[in-house]
Structures are given as structure tokens and as C-alpha cells.
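Below is one structure, written out as C-alpha cells; comments come after it.
The values are calculated or read from the model by the stated rules, or taken from the named source; none is laboratory data. If you're wondering where the values come from, they're calculated on a predicted model, not measured in any experiment. Positions of Cβ are backbone-derived with ideal geometry, glycine not excepted, and every protein chain shown enters the neighbour counts. Ligands, DNA and RNA are stripped out before the accessible areas are found, and what is left, the full protein with its side chains, is counted by its heavy atoms. Shrake-Rupley method; radii C 1.70, N 1.55, O 1.52, S 1.80 Å.
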Amino acid sequence: MDEKVKIRLETDPSFNGTEVIIRASNRSELTDRLVSAIESCNHDDLPQIPAYSNSVLTFLDQRQIIRIYTENSKVIILTENGLYEARQSLRDVEKLLTAEWLVRISRFEIVNLRKASGFDFSNTGTIRVLFQDGSDTWVARRFVQAIQQTLKAGAIGKEV
Amino acid sequence: MRRKCFILSVIGFLAGMLIGNLIAWLCGGKLVNTRIAEWCGSDIGAIIIQTLLSGLLGAIAMGGVVIHDIEKWSLLRCAVVHYLLIEISYVVIATVLGWYGSLTELLIILGIQLVVFVIIWLIMYLRWKTRILELNELLKKTKSKQSK
């Protein structure tokens, strides 16, 4: 981890576009982190979310996120590729989210409406959001209006 | 939530004081409950006890509204807990203040209150059900736009 990265900027007026090449003896955790960081810069309109999987830092694309929730005082991010842990509070993670289709559904959870397949209202009066992968979670009644407004604004259809 | 509970309890206390004395006056034809007056030996004492207990019932009923803000609880659970909180407080306070003449009378009052609660719950349930149906329609519409 103490490895220092040499950075060299080459400008060439005849070159069209921008290219980044990472040169290393082999692929390592450092090279993966560099790739993620560069990807994050490339998508600065939709910043990537830093999260850990087995103590390895990864930058998550907001499009991949299904749910972000608190469990045993930890903030868990469920994506299409698996579970990650954010080392920030849910509120701080929420501040990083720019996608309008990532909405709060309770004090403990944020979900991706693009991954939702529908809503269910049980006989006892519990609201649940159902996801395309078959999972589901409960929705606090006070957040229903905000979800409705997001859907009315057509935010989940907007490409970011 | 605590702040809301406090504000509602104060409003409930004031309303309870007013309604309790009004009911005592309408039912007995006078402001002082004779049973309480005999027990504490003075009319003023009886009015104070009646006013405070009526206010307490109002505070519990109104303050208990915050139960419906508990996010994790279903609509039914919130309603049942709120109903039980009110009814238990009502039975205790009504017994002390002599608001009912017999057990049958008390059961009728509790039955009427239960019917009112069930009606309120049904209205709330149907409103939420309609809202969730609308939410599903909206989601379907937005998704179909997205796929085009």
C-alpha cells in the first residue's frame, strides 16, 4: 500500500480525446482502485459511491445500487454484484447520491426505484416495495408522498 | 416525535378538561360529580380532580396519536395499540369519576368506541390502499416510458 504512483501527463495537439493508461507489472488492488477512481472522474455527473467489500475499497456505480440500508449500525449497499459496506452514515451516503431515482423510503433505507417492480399493501396495512430480483422491504408511510412526487416527475425514466 | 407528542398532549389535556366537565354537567345536570364531592369533602376539590383526570385522558388520547408515526409498525398495529391505550385509561378514569352506572353501560360505551375506531381504521386503510394502487400505476407508466 506504500507503493507510490508515478503520474505523467503527456499533451499532444494531434491526439483526439483523452486516454489514461495504467502501467504496472501485474493487476493489483492499487491498479483496481486507480481504475475505479478514473471511472468515477469520467462519470462526475453521477459520482461513484465508495464502499468496501472484504476491506477492499470499491467505487460503486449508482445505477447498480438496489438498496442502501442500515443493519446492526452498519450501512450496507446491495448491488447487482453483491453486498458492500459504506463506512459513512446513511445520511452522508445520501448526500453523495445524485440520481433522482434513488429515494428514501424510511429512516433506515434508500432504494433504487428503477429496480422496483411494484408496491404492495398488506392486510394489516404495511407498505412494501418489491424488487425485480424478488427481494422486498417495507416503506414508511411518511415517505410515500416523496416517492409519488419522484414518480410523477418521471425522474426514473431520465437518463443521467 | 417527542415534541409532537408534547404539543398534542397539551392540546388534548385542555380539550379533555373542557369535554370532561361538559359531559359531567350534561349527564348530571351540574358541574360537580356528587360521588367525588362526597369522597373529597368539597365541591372545589371534586371539580379539580374531575378536571385533572379528564385532562389526563385527553392528553393520553391525543398524545397517543404519535403511535401512528412509528415507521416500522403496520396501520393495524398502530390502531390497536392506540385503541388499547385510550380504553385502558378510559376504564380507570371513568371508574374513578363514576362516568358509568353499571358494567353493561361501560361495555356499551366501550363497544361504541370500538365501532368508531374500526370505522376510522377502515377509512385510513382504504385511503392508503388507493394511494398504493396509484403508486403502482405511476411506476408502471414511468417504466413503460423508460423502455420505449
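Summary table
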{"quantity": "Flag if A:Lys95 is free of Cβ contacts under 8 Å to residues at least 12 places away in the same chain, on the phi < 0 side of the Ramachandran plot and not polar (S, T, N, Q)", "calculated": "yes"}
{"quantity": "Meets criteria (farther than 30 Å from A:Ile105 by Cα and of a type in the set (S, T, N, Q)) for B:Thr142", "calculated": "no"}
{"quantity": "Any hit, region B:83-104, residues being closer than 30 Å to A:Thr137 by Cα, within 14 Å of chain A (Cβ to nearest Cβ) and free of Cβ contacts under 8 Å to residues at least 24 places away in the same chain", "calculated": "no"}
{"quantity": "Failed item, numbered, when A:Arg91 is tested on (1) of a type outside the set (A, V, I, L, M); (2) within 11 Å of chain B (Cβ to nearest Cβ); (3) assigned to a helix (DSSP H, G or I)", "calculated": "(2)"}
{"quantity": "Any hit, region A:64-75, residues being surrounded by 15 or more Cβ atoms within 10 Å (Cβ to Cβ), of a type outside the set (Phe, Trp, Tyr) and at pLDDT below 90", "calculated": "yes"}
{"quantity": "Residue among B:Leu57, B:Leu8, B:Leu22 that alone is open to solvent by 50 Å² or more (accessible area, probe 1.4 Å), among the hydrophobic types (A, V, I, L, M, F, W, C) and more than 14 Å from chain A (Cβ to nearest Cβ)", "calculated": "B:Leu22"}
{"quantity": "For A:Ile147: the one exception among (1) more than 15 Å from B:Ser74 (Cβ to Cβ); (2) exposed (fewer than 14 other Cβ atoms within 10 Å of the Cβ); (3) within 11 Å of chain B (Cβ to nearest Cβ)", "calculated": "(2)"}
{"quantity": "Residue, farthest from the other protein chains (Cβ to nearest Cβ), within region A:130-143, restricted to residues that are more than 22 Å from B:Leu122 (Cα to Cα) and of a type in the set (A, V, I, L, M, F, W, C)", "calculated": "A:Phe131"}
{"quantity": "Failed item in (1) over 22 Å from the mean Cα position of the chain (by Cα); (2) open to solvent by less than 30 Å² (accessible area, probe 1.4 Å); (3) touching a residue at least 24 places away in the same chain (Cβ under 8 Å), with B:Arg35 passing the rest", "calculated": "(2)"}
{"quantity": "Cross-chain or 6+ apart pairs with Cβ under 6 Å, region A:21-32 first and at pLDDT below 90, then surrounded by 12 or more Cβ atoms within 10 Å (Cβ to Cβ) and not basic (Lys, Arg)", "calculated": "A:Thr31/A:Ile22"}
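One line per residue, one yes/no per condition, for (1) away from chain A (no Cβ under 14 Å); (2) within 26 Å of A:Lys115 (Cβ to Cβ); (3) open to solvent by 70 Å² or more (accessible area, probe 1.4 Å):
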residue: B:Val66; (1), (2), (3): no, no, no
residue: B:Arg77; (1), (2), (3): no, no, yes
residue: B:Leu106; (1), (2), (3): yes, no, no
residue: B:Leu110; (1), (2), (3): yes, no, no
residue: B:Ile119; (1), (2), (3): yes, no, yes
residue: B:Ile123; (1), (2), (3): no, no, yes
residue: B:Lys129; (1), (2), (3): no, yes, yes
residue: B:Leu133; (1), (2), (3): no, yes, yes
